[in-house]
Amino acid sequence: MQITQASLTDLEQIVAIERAGFTPEEAGSRQAFIDRINHFPETFLVAKVGDTVLGFICGPALVGDVIEDSMYEPGVKSASHPSSVMVLSLAVAPANRSQGIGSQLLTALSKVATNLGCRQLTLTCLVDRIPFYERNGYQNHGVATSTHANEVWYNMIKPL
């Protein structure tokens, strides 16, 4: 397995994996992923075997501590002097779950974030995913202000 930057040739597989891992209300659109690949390629990674995408992680490098709902809107670009990588999505294809791919993607993005001079990775997740992120070094910072998909989200931060 290789972890590399995503490209538009990976788009259809990325969208399929996103739709398999999130509800329609939670999932990013095809256009959102085109935008993300184009606007923050350094922090949009895919795990692949050959041409097959097994999973992906993406989010802009910005100034701030927590994800705001506006970061999911089109046009968000990474900052020139970011403090955090804001993970908007981490998803693994159903057939490839429980193989450590999500953890490997988190580790790879941590290295990219460190190289960009960031001090942390931050994300929001649903309550059932908190243990996974805690096993990967994230700390629970409580309920987020996000109203995305009318869900209760939790702020998770990993210091680098």
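The values are calculated or read from the model by the stated rules, or taken from the named source; none is laboratory data. Fair warning: this is a prediction, and the values are worked out from it, not measured in the lab. FYI the Cβ positions are ideal-geometry reconstructions off the backbone, even for glycines, and counts take in every protein chain you see. These area figures cover heavy atoms from the full protein model, side chains too; ligands, DNA and RNA do not enter into them. Shrake-Rupley method; radii C 1.70, N 1.55, O 1.52, S 1.80 Å.
Descriptive notes on the structure:
- Ranked packing of 102-114, 136-148, 6-18, most packed first, by mean Cβ within 10 Å: 102-114, 6-18, 136-148
- Each stretch of four or more DSSP H residues adds -39500 (n - 2.57); spread over every residue of the chain, this sum gives -8000 deg cm²/dmol at 222 nm.
- The chain, relative contact order [Cα under 8 Å, separation at least 6], %: 21
- In Hz, Karplus ³J(HN,Hα) per residue of the range 75-80 (6.51, -1.76, 1.60; θ = phi - 60°; x = Gly, Pro): x, 5, 10, 5, 7, 6
- Stretching the chain fully between residue 77 and residue 30 yields a gain of 15.2 nm (0.36 nm per residue, less the alpha carbon separation).
- Accessible surface of the chain [probe 1.4 Å, protein heavy atoms]: carbon and sulfur percent: 51
- For residue 54, residues with placed amide H under 5 Å, excluding near neighbours: 47, 48, 49
- Calculated from backbone phi, Karplus (6.51, -1.76, 1.60) coupling profile of the range 122-136 in Hz, x at Gly/Pro: 9, 7, 10, 8, 7, 4, 5, 9, 4, x, 4, 5, 4, 4, 9
- Considering only the chain, percent of DSSP beta bridges that pair antiparallel, nearest 5: 85
- Amide H contacts under 5 Å for residue 137, placed H, 5+ residues apart: none
- DSSP H segments from the chain that extend 20 Å or more along their own axis, Cα-based, with Kyte-Doolittle mean of 0.0 or above: 101-115
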